[in-house]
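A short worksheet on the structure shown next.
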Amino acid sequence: MSTKALHVAALAVLLQLSPPINARSLPTFQPKLLSQIHSSKLVHPTEPSIKYKANNLSGKRLLSIKECKENYVWSALHQRGGSDGEDDFDYEEDSEIDEDDFDFDMDEDGFNAVEGDFGEDGTVAMIVDMWRSTPPFTKAYLSAALAATTWGWINHKNQFPPYFTLKWNPVLKKLQIWRPFTAFLNFGPFGFSFFLTGHFVWTYMATLEKLSHSKPYDFWMMIIFGMVSMVVGYAGLKLSPTFLGHNLSTYLVYIWSRMHEGLEVNMMELFNIRAEMLPWFFIAQTALLEGELPLLDMLGLGFGHIYYHLKTTNILRTPKVLIEWYNGDSRFSKQLREQYKTISADFELQ
């Protein structure tokens, strides 16, 4: 067997053993996906900028590195969506392939580049790329939460900074008006629960913000409604909120689940559940981890239900002053519009 043929075989093994590119455990697919699969085109719901198109493999032309990656990812994601195991491509079983057909010009540097895409460095690069594509509000919120928690870990024995927690006496008597806002940066101390909550917020907040890319002020209104409802509601019920960031995550998950009803969601490659059951799965998960019923999280689901009802019935509307500010001529609003234009461009189908 010639060196070129060995190169081809090595590449095939590499692609089979490597994990799918940009494949996330949550969420997996949108309802439109089946029609997109049958038209040989797939658009990932949480990364609209990533588009894969299946190439025709029936000919003798060898695929390029880019095409190999695209077809491998398309195939992997198709199987996640419930492939029946049958081949969707038309292969010519009787076709004879000669070594001369493998016109595969790749040197050692080319294979090193491929290996880098699928190795540890490629995974880190993928995470960095995902962070860069995170919408501005979600990025700022997660950055502030990480900074506040890190400060508490360094100076307060891994406890959230006390001057950021929600206490009404300092708010009313000392005018520490930042407390109702900074309290939502509290995901809990550094640990498994912190990073799990951060992952949920990153996934669902970013997705909801991207879905509002053309009218981001509607997304801001959703966040404001959730924060105000929790602060006022918990005070009215005489409850002492601790991890408001975690409560906000359940609020976001509920809204996302209502917007994607009927969607099959893959849970960490273990099993699938329907999107509308996802918030209750998280409630059960929190109850098992904390050993008690998460009442505040359940209230977060309730506030999410109220928001969804008011929004879908057109009762809750974004104030005109917020819309006018976003569309205005201020320097900050112009910068925001430029950032959201990038997200909007990702939603344009090729």
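The values are calculated or read from the model by the stated rules, or taken from the named source; none is laboratory data. Given the structure is predicted, the values throughout are model-derived calculations rather than measurements. Glycine also receives a Cβ, built like all others from the backbone with ideal geometry; neighbour counts cover every protein chain displayed.
When the stretch 296-337 is limited to residues that are under 24 Å from the mean Cα position of the chain (by Cα) and hydroxyl-bearing (S, T, Y), the one that is surrounded by the most Cβ atoms within 10 Å (Cβ to Cβ) turns out to be Y307.
Candidates S257, S249, S229, S240: the one that is in the same structural domain as P319 (by TED's automatic domain parsing), surrounded by fewer than 13 Cβ atoms within 10 Å (Cβ to Cβ) and either hydroxyl-bearing (S, T, Y) or under 15 Å from G302 (Cβ atoms) (or both) is S240. Among residues of the stretch 232-263 being hydrophobic (A, V, I, L, M, F, W, C) and not in a helix (DSSP H, G or I), the one that is modelled with the highest pLDDT is L263. When the stretch 147-178 is filtered for residues that are surrounded by 16 or more Cβ atoms within 10 Å (Cβ to Cβ), among the aliphatic types (A, V, I, L, M) and not in a loop (DSSP other than H, G, I, E, B), only A148 remains.
All conditions in (1) in a helix (DSSP H, G or I); (2) crowded, with 21+ Cβ neighbours inside 10 Å hold for L196, with the sole exception of (2).
Taking first residues from the stretch 119-148 that are in contact (Cβ under 8 Å) with a residue 60 or more places away in the chain and partners that are among the basic types (K, R), the Cβ contacts under 6 Å between residues at least 6 apart in sequence or on separate chains come to P135/K210.
Quick check on T134: is it of a type in the set (S, T, N, Q), crowded, with 18+ Cβ neighbours inside 10 Å and not in a helix (DSSP H, G or I)? Before you say what the answer is, go through the steps one by one.
Values: of a type in the set (S, T, N, Q): yes; crowded, with 18+ Cβ neighbours inside 10 Å: yes; not in a helix (DSSP H, G or I): yes.
Taking the combined requirement at face value, the residue satisfies it.
Taken as a whole, the structure leaves E292 outside the set of residues that are of a type outside the set (A, V, I, L, M), over 25 Å from P162 (Cα atoms), surrounded by fewer than 19 Cβ atoms within 10 Å (Cβ to Cβ) and assigned by TED's automatic domain parsing to the domain that holds Y307.
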